[in-house]
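Structure first, commentary second.
The values are calculated or read from the model by the stated rules, or taken from the named source; none is laboratory data. Only a predicted model underlies this, so the values are computations on that prediction, with no experimental measurement involved. Virtual Cβ from ideal backbone geometry, glycine too; neighbours counted across all protein chains shown.
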Amino acid sequence: MTEPPAATEPTAATEPTAVSAPSTVSAPAAVPPSTARVDAHHHVWDLAVRDQPWTAGLAPLRRSFGLADLRPAARRANVSATVLVQTITVPEETPEMLALAAAEPLIAGVVGWTALDSPAIADTLAELRGLTGGGALVGIRHQVQEEPDPRWLCRPEVRRGLAAVGAADLAYDLLLTAGQLPAAVETVRALPEVRFVLDHAGNPPADDQAAAAAWRRDVLQLARSENVTVKLSGLVTRGYPGPVPPDLLRSWAQTLLDGFGPGRMMFGSDWPVCTLTSTYDEVVAAADDAVAGLSPAERESVFAGTATRFYRLAR
């Protein structure tokens, strides 16, 4: 889930009718069956089970979002598989997501949470794998963007936890602010055996030219490490409460393509956080527009192949 600039951490389920977002891109045309997509980043939550404190101040997200909300939009976009990503740092959420994956064929993978700095992380990962739906666990994520220490990823105990994630043959999702990218660059270089993916392109600044230049420099540095992939996700809300101009979205996507190439880029909707400014259809259309210059094979990689390979999804 991405987070709009003013929020702590957004992302998850349907397209609420309460959101009447300005449209910046037309809805996608019907997708041929041969171009089935993977949505590599979405969320669900039930406020009757637990609160999502990061949604405070984001009224359209102060409701429950479930797969029943997402399914019609996913079907329209020919999404045949998804990766469900954690939203809050509590141990109860990941087992719930794994159980949901066991019951829902649409969910091909789960990115959960566990404390990276715990000495028992290896045992915890093994326990998660043994739960109902545990085979769907494909990665771990922590809200690094909420850590006040910009070098949190460089702490020895965190690096040990990341190494344990890699040793368990799981990926790690990097959820960062743009200012934390230098620490990420150091970390991925120190742990070449771990598969990393940068969520939401590292949250590029939408209205600060100097910060945007620093983001571009640091993202391209990160891309030099072959063990890192990037998600084309979470960008439509970077200008929240307003829309992001299509030209800026294309510019961000081009930076990612310059660094990672289509073979290390994957599409993610960041639903339902995306509904703060855009419908699911509009997010898909924006992604289509951003990679319109690619060949059919390259587009297949962005919309399905990269996620399938990186997360080792069974489709």
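Quick notes on this structure:
- Highlighted here are the helices (runs of 4 or more DSSP H) found entirely within segment 47-129 that include at least 3 residues which are in contact with an Asp or Glu (Cβ under 9 Å, 6 or more places away or on another chain): 67-76.
- Just one of the numbered conditions (1) farther than 28 Å from T275 by Cα; (2) touching an Asp or Glu at 6+ places or on another chain (Cβ under 9 Å); (3) in a loop (DSSP other than H, G, I, E, B) is not true of G239: (1).
- Residue within segment 267-282 that is in a loop (DSSP other than H, G, I, E, B) and acidic (D, E) present: yes
- Scope segment 157-182; condition assigned to a helix (DSSP H, G or I) and crowded, with 20+ Cβ neighbours inside 10 Å; matching residues: V158, G161, L162, A164, V165, A178, Q180, L181
- Filter pass, S278 being within 16 Å of the chain's Cα centre (by Cα) and not hydrophobic (A, V, I, L, M, F, W, C): no
- Given (1) surrounded by fewer than 23 Cβ atoms within 10 Å (Cβ to Cβ); (2) touching a Pro at 6+ places or on another chain (Cβ under 7 Å), index of the condition T277 fails: (1)
- Filter pass, R141 being under 20 Å from the mean Cα position of the chain (by Cα), among the charged types (D, E, K, R), modelled with pLDDT of 95 or more and surrounded by 21 or more Cβ atoms within 10 Å (Cβ to Cβ): yes
- Selection status of A201, more than 19 Å from L128 (Cα to Cα), within 18 Å of the chain's Cα centre (by Cα) and in a helix (DSSP H, G or I): yes
- Filter result for the condition that a residue is more than 18 Å from the chain's Cα centre (by Cα) and touching a residue at least 12 places away in the same chain (Cβ under 8 Å), over A253, A285, A292, A211: A211
- The test for being among the hydroxyl-bearing types (S, T, Y) and either in contact with a His (Cβ under 7 Å, 6 or more places away or on another chain) or at pLDDT below 95 (or both) holds for S233.
- Some residue of segment 8-28 being at pLDDT 50 or above, within 21 Å of the chain's Cα centre (by Cα) and outside any helix (DSSP H, G or I): no
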